[in-house]
Amino acid sequence: MEKIKVIQIGLGGFGKFWLGAVLNVEEVELVAVVDMEENNLAVAAQRLEGKNIPLYQDHKKALREVKADLVLLITPPHTHRALTIDAVEAGMHVIMEKPVSSSYEDAVEIYKFAQTCGKYVMVNQNYRRRPVIQALKACVDSGKVGTIENVEWRFSLDHKNIELTGWRRAFDDIMLKEMSIHHFDSVRYILGKNPISVYAESMNPTWSPINGESVTAAVFNFEGGVFMTYFGSWVNKGKCTSWNGDIILTGSQGAIELKDDVPQIVWSDGTREIIPIPAFECNDSDYLEYSIGDMVDAIRERRLPATHIGDNLISWSMACSAADSAKSGMKIKIEPPKEI
């Protein structure tokens, strides 16, 4: 079967991991790489080890000169709208890193434009594929503890050893839009339900090295009467959670818990049952290859990829609406575009 031809735009930071991933996926062929910085292109040239793959600093020139099916967009979120539109206009599908954009309005524009051109735009939301998240979803879907009506989600890490540079420093709502978006997408996936409203407050402690709001608390209401409390902190000084967070999903017969990445059922009588974690062929470093594979299958099967932009826009609306609520002090109704 003919390989899917790929252009990668963006080689700095996380782009280096994507470059390695695309080179490892047999179903795709890297046909060009693009970055504005000469140093990044030089590093890419070394990684490509003499492969005859053209390097560009101008993405429009690459899209014009190189025939491809798919663009990997590993650039800051404020560039996503223009770059995605250029790629889609050139007849290519797009995988982009999260977050989908720097604003909700830009994300809606990307979605609507992709719809008119009939191309797939996918946002990489790798937390869905983590085995413990898969375990929670399978348990919820089984109905073992009854219908879930209450969710508690707590995330606390100390971000002091993770440098926030470039576009991340410009995000006022860095906790919600860069980190919490993972958890919001995950809870939608686990529950199979969408949010309808949010009330949130955010702040930045005096000891925080982060410019934007690094601590947030939010109350969400979901379809079907599900109520969720969420707390997130990137400047924790006590016991930290995992990147997934500590999660409690409560139903009429008991609760599904994830603590320290150990999933369990806590029955009404207090007894506990370990939830089996599914075997998964990918570890954290392989999720990028899995995402590329999902898009390849979607293109060949003419179906939307799992985390296509229409779906991700609902997760993004949770982060943006929570940020709006924190600024306004008001409860916000969450209403994704009617087209979705």
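The values are calculated or read from the model by the stated rules, or taken from the named source; none is laboratory data. Since this is a predicted model, take the numbers as computed values, not measurements. Quick reminder, even Gly has a Cβ in these numbers, built from the backbone with ideal geometry, and neighbours come from all protein chains shown. What goes into the accessible areas is simple: the full protein's heavy atoms, side chains included, and nothing from ligands, DNA or RNA. Shrake-Rupley method; radii C 1.70, N 1.55, O 1.52, S 1.80 Å.
Listed values, structure above:
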| read-out | value |
| --- | --- |
| When residues of the stretch 123-142 are limited to those that are among the small types (Gly, Ala, Ser) and in contact (Cβ under 8 Å) with a residue 40 or more places away in the chain, the one farthest from residue 272 (Cα to Cα) | 138 |
| Test: residue in the stretch 1-20 that is assigned to a helix (DSSP H, G or I) and touching a Phe, Trp or Tyr at 6+ places or on another chain (Cβ under 9 Å) | no |
| Residue in the stretch 77-93 that is surrounded by fewer than 13 Cβ atoms within 10 Å (Cβ to Cβ) and assigned to a loop (DSSP other than H, G, I, E, B) present | no |
| Residue list for the stretch 6-22, filter: farther than 15 Å from residue 294 by Cα and either of a type outside the set (A, V, I, L, M) or touching a Leu at 6+ places or on another chain (Cβ under 6 Å) (or both) | 8, 9, 10, 12, 13, 14, 15, 16, 17, 20 |
| Search result, residues across the stretch 1-50 that are aromatic (Phe, Trp, Tyr) and open to solvent by 10 Å² or more (accessible area, probe 1.4 Å) | 14, 17 |
| Filtered residue count, the stretch 94-129, keeping only those that are in a strand (DSSP E or B), β-branched (Val, Ile, Thr) and closer than 22 Å to residue 67 by Cα | 3 |
| Hey, residue 84 in contact with a Leu (Cβ under 7 Å, 6 or more places away or on another chain), modelled with pLDDT of 95 or more and within 17 Å of residue 124 (Cβ to Cβ) or not | yes |
| First in the stretch 1-21 and at pLDDT below 90, second anywhere and surrounded by fewer than 16 Cβ atoms within 10 Å (Cβ to Cβ) and of a type in the set (Asp, Glu), Cβ under 7 Å, 6 or more apart | 12/37 |
| Candidate set from the stretch 153-181 (those that are part of a strand (DSSP E or B) and either open to solvent by less than 70 Å² (accessible area, probe 1.4 Å) or out of contact with any Asp or Glu (no Cβ under 8 Å at 6 or more places or on another chain) (or both)); member that is modelled with the lowest pLDDT | 158 |
| Candidate set: the stretch 261-301, residues that are part of a helix (DSSP H, G or I) and charged (D, E, K, R); chosen: the one modelled with the lowest pLDDT | 284 |
| Flag for residue 62 being farther than 22 Å from residue 293 by Cβ, open to solvent by less than 70 Å² (accessible area, probe 1.4 Å) and part of a helix (DSSP H, G or I) | yes |
| Which numbered condition residue 119 fails, given (1) free of Cβ contacts under 8 Å to residues at least 40 places away in the same chain; (2) open to solvent by less than 30 Å² (accessible area, probe 1.4 Å); (3) touching a helix residue (DSSP H, G or I) at 6+ places or on another chain (Cβ under 7 Å) | (2) |
| Residue under evaluation residue 316, criteria (1) touching a Pro at 6+ places or on another chain (Cβ under 7 Å); (2) open to solvent by 10 Å² or more (accessible area, probe 1.4 Å), criterion not met | (2) |
| Residue satisfying condition, being of a type in the set (A, V, I, L, M, F, W, C) and under 25 Å from residue 321 (Cβ atoms), within set 114, 87, 135 | 114 |
| Elements of type strands (runs of 3 or more DSSP E) contained in the stretch 182-252, each with 1 or more residues being open to solvent by 20 Å² or more (accessible area, probe 1.4 Å) and touching a Ser or Thr at 6+ places or on another chain (Cβ under 6 Å) | 195-203, 215-222 |
| Test for residue 53: is it hydrophobic (A, V, I, L, M, F, W, C) and not in a loop (DSSP other than H, G, I, E, B) | no |
| Scope the stretch 94-116; condition open to solvent by less than 10 Å² (accessible area, probe 1.4 Å) and under 20 Å from residue 36 (Cβ atoms); matching residues | 94, 95, 96, 101 |
